[in-house]
Amino acid sequence: MQSESDIEICTRLEDASGAFYGAVIPPLYGNSLFVFPTVEEYIQARKEEHRHYVYWRGTNPTVEIAERKLAALERGESCKLFASGMAALTAALLGSLRAGDHVVCICHVYEETKKLLHYLNKFGISYTMTSSVSLPDIEAAARPETKLVLLESPTSFTFRLVDLEGVVRLAKDRGFKTIIDNTWATPLYQKPLPAGIDLAVHSVSKYLGGHSDLVGGAVIGSSRELESLFYQEYLLLGAALAPYEAGQLLKGLRTLPLRMEAHRRNALEVAEFLERHPAVARVNHPGLPSHPDYKLALKQMSGTTGLFSFELNEASFETVARVINRLQRFQIGVSWGSFESLVLSPNEGTNEEQLLSEGISPGLIRLSIGLEDTEALIRDLDQALSGA
Ligand SMILES: Cc1ncc(COP(=O)(O)O)c(C=O)c1O
């Protein structure tokens, strides 16, 4: 049988068996618990709680529909949805590590990911950030006690790519587990699990939800891994996604392929404009032929998305702030991946030395390109850059 395409997975109706009376979208099951006709059935359900509806901290029919959809999109066997991307990452790390273990983490990951690894020091888990995205530098960061390689590709702010095939080879060779934060590419444009990565983690607060009305996270991988995660980190840490948020996520997923195509096209147009602008030193967008990982992007991703950065010739906080403050069609705010265009810089005026030491230009500005009229966004960027 031919497997379902991504578009079919996103748009399929959920009521195949008629259990929802033909409702075109699944109902929100807002009940916190389920009741049982007999003690025996209750005991059986508790024994296999990952397969039965018992209590919303573990399983919920609405959440489960979203989990199945995400697992299918990522080509994984199983998925659990969490209350945030950070909760998902925390569970994936705690489920993979114990005291004494060491993590190799790719440089320029999401800032909170780095802070989480630092926090885990207090439980006897250590980590090393790689000095670049290259395979030799990843290998050089490993120690005899390394258990896990934690990836984000593309990386945050700098948008460099990690060679996933190379990391999988290295990990199999050395017995490391691999986890990737696949939020940027979405499962539509990058499928790390068939490439051999063990777990994919997402913040569904970004493109997967897509409407800035939801915070959630996902861990996707093999049934065996996810079953163990369910009974330990999921049930015990208790950061389950609520059914209302799962409903919002399902709504977002229906239009994911359409939205991603628009984000891809719009962002590429804006990036090409910025690359030609005299005030811009460099554009960090893996869909541009000038990007150092352009060929790798073509090989391991089937598309690019709306989040990228550019660097000003004049790399000072004052100029960065002037450009951002002049923008009228880009809102200043955290997060990304929704219909509205956003702008941010990691330069906060007091951390320029720190940024330079991490290989990040103090003139870097990050854009999340939304679904607006691209011409208007480009005109806005032009006036902000020219006037500043
Ligand atoms: C790449 C990446 N991963 C994970 C997260 C964390 O997700 P959440 O905010 O849903 O906890 C973010 C949030 O901005 C992110 O940018």
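The values are calculated or read from the model by the stated rules, or taken from the named source; none is laboratory data. Keep in mind that what you see is a predicted model, and the values were worked out from it rather than measured. Quick reminder, even Gly has a Cβ in these numbers, built from the backbone with ideal geometry, and neighbours come from all protein chains shown. Just so you know, the surface numbers come from the protein's heavy atoms only, side chains and all, with ligands and any DNA or RNA stripped out. Shrake-Rupley method; radii C 1.70, N 1.55, O 1.52, S 1.80 Å.
Observations on the structure shown:
- Dipole moment magnitude, nearest 20 debye, the chain about Cα centre, only Lys, Arg, Asp, Glu C-beta charged: 440 debye
- Degrees separating the helix 243-254 axis from the principal Cα axis of the chain, which is the longest one: 60 degrees
- Across segment 370-382, coupling constants 3J(HN,Hα) worked out from phi with the 6.51/-1.76/1.60 Karplus curve, θ = phi - 60°, read x, 10, 6, 5, 5, 4, 5, 5, 5, 4, 5, 4, 4 Hz, and Gly and Pro carry x.
- Working from Cα pairs under 8 Å separated by at least six residues, relative contact order for the chain is 16 percent.
- Integer Hz, Karplus 6.51/-1.76/1.60 couplings in order for segment 125-133, x for Gly and Pro: 9, 10, 8, 10, 7, 6, 8, 7, 8
- Counted by Cβ distance under 13 Å from GLY349, the other residues give a net charge of -3, where Lys and Arg count +1 and Asp and Glu count -1.
- Mean Cβ neighbour count within 10 Å, used as a protection proxy, ranking 58-71, 236-249, 36-49 highest first: 58-71, 236-249, 36-49
- Extension gain (nm, one decimal) between THR350 and LYS251, 0.36 nm per residue minus Cα-Cα: 31.6 nm
- Given charges at Cβ of Lys, Arg, Asp, Glu: the chain dipole, positive-most of TYR244, GLY287, PHE36: PHE36
- Distances between placed amide hydrogens fall under 5 Å for ASN284 paired with SER309, PHE310, GLU311, all partners being 5 or more residues away or on another chain.
- Degrees between helix 256-276 axis and first principal axis of the chain (Cα, 0 to 90, nearest 10): 10 degrees
- Taken over the Cα atoms of the chain, the convex hull encloses 152 Å³ per residue.
- What the Cα atoms of segment 256-387 give is an Rg and a Dmax of 14.3, 41 Å.
- Label-point separation, ASP382 to VAL334 (7 Å along Cα→Cβ), nm: 3.5 nm
- Probe 1.4 Å, all protein chains present, accessible-area order of SER338, SER156, SER357, largest first: SER357, SER156, SER338
- Gained length - TYR231 relative to ASN121, 0.36 nm times residue gap less alpha-carbon distance: 37.2 nm
- Cβ-defined net charge surrounding PRO286, 12 Å radius [Lys, Arg +1; Asp, Glu -1]: +3
- Each residue, GLU48 and PHE36, gets one label point 7 Å from its Cα in the Cβ direction; the gap between the two is 1.2 nm.
- FRET E, pair ARG57, ASP373, Förster distance 25 Å, beta-carbon r, rounded to 0.05: 0.05
- Per-q log10 I(q)/I(0), segment 20-90, q = 0.15, 0.17, 0.29 Å⁻¹ (Debye; single scatterer per alpha-carbon; no solvent): -0.62, -0.78, -1.27
- Of LYS206/LYS299; LYS47/LYS115; LYS147/LYS251; LYS177/LYS295; LYS80/LYS172; LYS115/LYS177, those spanning more than 30 Å from alpha-carbon to alpha-carbon: LYS47/LYS115; LYS147/LYS251
- Average Cα contact separation per residue, segment 1-133, under 8 Å, 6 or more apart, as relative contact order %: 15 percent
- Neighbourhood charge, 13 Å Cβ-Cβ cut-off, centred on ALA240 and excluding it, Lys, Arg +1 and Asp, Glu -1: -3
- Residue-averaged [θ]222 nm for the chain, counting only DSSP H segments that reach four residues, each worth -39500 (n - 2.57): -11000 deg cm²/dmol
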